[in-house]
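Peer 1: Structure in structure tokens, see below.
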């Protein structure tokens, strides 16, 4: 049995940020991490992270590694590698978390487990995820070099990409049978210079070439789509946290201080946002860590 004042579940950007605040408050912190960062595909592709102040263009794995090394310099931090697959509230107000054969008993929990992306079922898309297929224009739009951008619709959320992405290049929206734009939608797309293609996609080839059912090949600088998101861990539900439904999937409902519906359980990062990025995850994590610490004084 491992006893800990604070346990942060998830050692990516939000979790590391939360743990750092608690470590610097001289509190005992345990971080549980399974090494499943949402953007690990970018590392495998040799890509970089963008939009994070002072670290623009740095590989995301390098960001996480530096943050972990800095966190572990604090002697009051314990790191457990593994998946927290079972979490339960205890009768005394504490929380029990199982990690492999170990059990952590904690006074307070910060959930930073992130989300899992469900990609559209288009042949060749998953292999290019994080390489030439993306979901966030603010993270990857600038690297399109103002060229041809393909938008593969997977839901009505594609209309937002269709309107936004003309600021980063020349977009073509491939409906692929995912939704039917209204007349107002089509007018807005035209106003923004976005072309609409109704022929279905057979597969993605090369770097970002779209092969259509009629045999046409349309070469793109890069592709964007709208993955469906799922909670990457069941522990929020196991602890009884209320979930909210966002435009792409469920996320943990929190207040402005990252407090969940369960006392002494906090949440941050993509698991507690309708949409996010590295910078927002770090900010949310800092707030969650501060809030968890302040809760000991109430």
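Peer 1: Assess whether residue 222 counts as being within 28 Å of residue 124 (Cβ to Cβ), surrounded by 19 or more Cβ atoms within 10 Å (Cβ to Cβ) and touching a helix residue (DSSP H, G or I) at 6+ places or on another chain (Cβ under 7 Å).
Peer 2: Answer is yes for this residue.
Peer 1: Condition first: in contact (Cβ under 8 Å) with a residue 60 or more places away in the chain, surrounded by fewer than 17 Cβ atoms within 10 Å (Cβ to Cβ) and at negative phi. Now tell me which residues in the range 90-118 satisfy that.
Peer 2: 102, 103, 105, 116, 118
Peer 1: Turning to a different aspect of this structure: Which of the residues that make up the range 89-112 are assigned to a strand (DSSP E or B) and over 26 Å from residue 287 (Cβ atoms)?
Peer 2: Matches in the range 89-112: 98, 102, 103.
Peer 1: Just to check your reading of the model, which residue among 250, 272 is surrounded by 22 or more Cβ atoms within 10 Å (Cβ to Cβ) and not assigned by TED's automatic domain parsing to the domain that holds residue 149?
Peer 2: 272
Peer 1: Please pick out the residue among 215, 249 that is out of contact with any helix residue (DSSP H, G or I) (no Cβ under 9 Å at 6 or more places or on another chain) and without any contact (Cβ under 8 Å) to a residue 12 or more places away in the chain.
Peer 2: After applying the criteria, what remains is 215.
Peer 1: Which one of the conditions (1) in contact (Cβ under 8 Å) with a residue 60 or more places away in the chain; (2) closer than 28 Å to residue 128 by Cα; (3) crowded, with 20+ Cβ neighbours inside 10 Å does residue 279 fail to meet, given that it meets all the rest?
Peer 2: (3)
Peer 1: Then there is this: Looking only at the range 210-244, which residues are within 21 Å of the chain's Cα centre (by Cα) and either modelled with pLDDT under 95 or part of a strand (DSSP E or B) (or both)?
Peer 2: Within the range 210-244, 222, 223, 224, 225, 228, 229, 230, 231, 243, 244 meet the criteria.
Peer 1: Further, regarding this structure: Would you mind stating whether residue 260 is surrounded by 24 or more Cβ atoms within 10 Å (Cβ to Cβ) and either in contact with a strand residue (DSSP E or B) (Cβ under 6 Å, 6 or more places away or on another chain) or assigned by TED's automatic domain parsing to the domain that holds residue 52 (or both)?
Peer 2: It is true that residue 260 is surrounded by 24 or more Cβ atoms within 10 Å (Cβ to Cβ) and either in contact with a strand residue (DSSP E or B) (Cβ under 6 Å, 6 or more places away or on another chain) or assigned by TED's automatic domain parsing to the domain that holds residue 52 (or both).
Peer 1: What number of residues in the range 144-165 are within 24 Å of the chain's Cα centre (by Cα) and surrounded by fewer than 17 Cβ atoms within 10 Å (Cβ to Cβ)?
Peer 2: 3
Peer 1: Further question: If we scan the range 261-275, do we find a residue that is under 26 Å from residue 159 (Cβ atoms), part of a loop (DSSP other than H, G, I, E, B) and modelled with pLDDT under 95?
Peer 2: So far as the range 261-275 goes, yes, one or more of its residues are under 26 Å from residue 159 (Cβ atoms), part of a loop (DSSP other than H, G, I, E, B) and modelled with pLDDT under 95.
Peer 1: Testing residue 207 on (1) outside the structural domain of residue 86 (by TED's automatic domain parsing); (2) touching a helix residue (DSSP H, G or I) at 6+ places or on another chain (Cβ under 9 Å); (3) not in a loop (DSSP other than H, G, I, E, B), one condition comes back false. Which one is that?
Peer 2: For residue 207, the failing item is (3).
Peer 1: Can we say residue 282 is within 23 Å of residue 77 (Cα to Cα) and either touching a helix residue (DSSP H, G or I) at 6+ places or on another chain (Cβ under 6 Å) or in a strand (DSSP E or B) (or both)?
Peer 2: yes
Peer 1: Now a separate question. Take the residues of the range 36-66 that are assigned to a helix (DSSP H, G or I) and touching a strand residue (DSSP E or B) at 6+ places or on another chain (Cβ under 8 Å): which is surrounded by the fewest Cβ atoms within 10 Å (Cβ to Cβ)?
Peer 2: 41
Peer 1: Let me ask something additional. Considering 87, 121, which residue is closer than 21 Å to residue 232 by Cα, exposed (fewer than 15 other Cβ atoms within 10 Å of the Cβ) and under 22 Å from the mean Cα position of the chain (by Cα)?
Peer 2: 121
Peer 1: Further question on the same structure: If I filter the range 1-35 down to residues being more than 17 Å from the chain's Cα centre (by Cα) and in a loop (DSSP other than H, G, I, E, B), which single residue comes out as modelled with the lowest pLDDT?
Peer 2: Applying the filter and picking the extreme gives 1.
The values are calculated or read from the model by the stated rules, or taken from the named source; none is laboratory data. These figures come from a predicted structure and were not determined experimentally. Because the Cβ atoms are built from the backbone with ideal geometry, glycine has one as well, and the counts that use them run over all protein chains shown.
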